[in-house]
1. If I take R0 = 30 Å and measure r between the Cβ atoms of residue 171 and residue 75 in this structure, what FRET efficiency does the formula 1/(1 + (r/R0)^6) give, to the nearest 0.05?
2. Restricting to Cα pairs below 8 Å that are 6+ residues apart, what does the relative contact order work out to for the chain? Please round to a whole percent.
3. Using the crude model of +1 on Lys and Arg Cβ and -1 on Asp and Glu Cβ, and no other charge, please compute the dipole size for the chain relative to its Cα centre, in debye to 20.
4. At 7 Å along the Cα-to-beta-carbon direction for both residue 143 and residue 183, put a label point, then send me their distance in nm to one decimal.
5. What does the extension gain come out to for residue 11 and residue 115, with contour length at 0.36 nm per residue minus their alpha carbon separation?
6. Positive end of the dipole of the chain, charges at C-beta (+1 Lys, Arg; -1 Asp, Glu), about the Cα centre: which of 373, 343, 196 has its Cα farthest in that direction?
7. Could you list 364, 73 so that the one with the fewest beta carbons within 10 Å of its beta carbon is first and the one with the most is last?
8. Quick one: which residues, 5+ away or cross-chain, put their amide H under 5 Å from the amide H of residue 127? H built at 1.01 Å from N.
Amino acid sequence: MEQVQSSTCRSWEPKYKAAHGVMIDCIGRHGLWASPHRYRDQCWTRDFAYAGFDYLTSVGEYDLIKGHLTALVDKQAGDGRTPILFLDDKWRFLARKAWSSLKHRRLSFMLRRHFEEGVEWLTPWTKDSEMLFALAAGKLYRSRQDKNAVWPFGAYVGQALDYVEKKLLNKDGLMLGADWRDTRLDLGKVCLLSNNCLLAEAYELNGFEQESQELRARITRHFWNGEYYRDYVGGQARTDRDAFDLFGNALAILGGLGGESLVFRAAAQLATPYGYRLNGVTLPTKDAAEAAVMSRTDQHGVIWPFTNGYLILAMLKSGLKNVAKAEFEKWSGLDGFYEWYDPQTGRGMGSPDQMWTAAMYVRVADALAKENLI
């Protein structure tokens, strides 16, 4: 166990307050937006479950959580299929997308999908919405104040998990489908470490202890390669299956699967002065500067801060408190709450006020403060 060094410097506080400001700006009428500008009115199930839920819990906004979940169950299909996202204000969204399409003389992908099948099913190769709905509802179930109150989401969670088990599990009992890397169509037919770790947590939170334990055993058996947990199994994708996925390995450690020292050794290969790079993620670029960074890194080496947040939490869980603190200080030095950052310059790219970036910053800061590290 390393000797913990406390800090009297509170240079992170302005950024912490700014993160709360971003979160307030993301609160809509029916749910939590992915950002107040670029993704205004877009209430993504994934962003909510990954980061938004825990933030809202930390500030006691349980009514907002229930509202977001209720909007999801209102749109859930009869077989349990759950929306990837829903629109908080459909007409405002359509007006903005129509104007953008006219301005750029190119039909917006989201606008086209809205008229084809609806944005609720925007990227059919991503298969995590049912599991993430069950995960968020399970967290709310465990944290609810009145244990005797009627639980309104139980039947919907059951339908969502039934959908996963009937439609998304392969012969080895592992979940198929892409995760947050929704520009990676090639991940749609493989079993990802990240999604399976989160499914195990969703089982546990909803009281399915045996299913959770059995899935975690299968994850260890199929994903551990002797040095870390491989990104995917059960097929072939654009990247090698033994590519190191920062997010998935952090989830494996947080889920108690073990191998911490080897995992962190592997992660160190992706370290930069501004955080940890992430392999194999692309994003439509919005200008020449972003395109240049993606080209320079071959689209395999930019920093996504929300994944760094999960890695820092995994470090804390593993007793690497000073390392976790140092990584948080790197993050605190970055400008804004961008979607991603250039690993060579630390310049922010994409949405400048991304909800899951701000939410994870608050969560990590609170975790470090609880350990008297900041």
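Read-outs throughout are calculated quantities, based only on the coordinates presented, and are distinct from any laboratory measurement. Only a predicted model underlies this, so the values are computations on that prediction, with no experimental measurement involved. Every residue, glycine among them, receives a Cβ derived from its backbone with ideal geometry; neighbour counts consider all protein chains shown.
1. 0.45
2. Computed value for the chain: 19 percent relative contact order.
3. Dipole magnitude for the chain comes out near 700 debye.
4. 3.1
5. Extra length from residue 11 to residue 115 when fully extended: 32.7 nm.
6. About the Cα centre, the residue reaching furthest to the positive side is 343.
7. Fewest-to-most Cβ neighbours within 10 Å comes out as 73, 364.
8. 178
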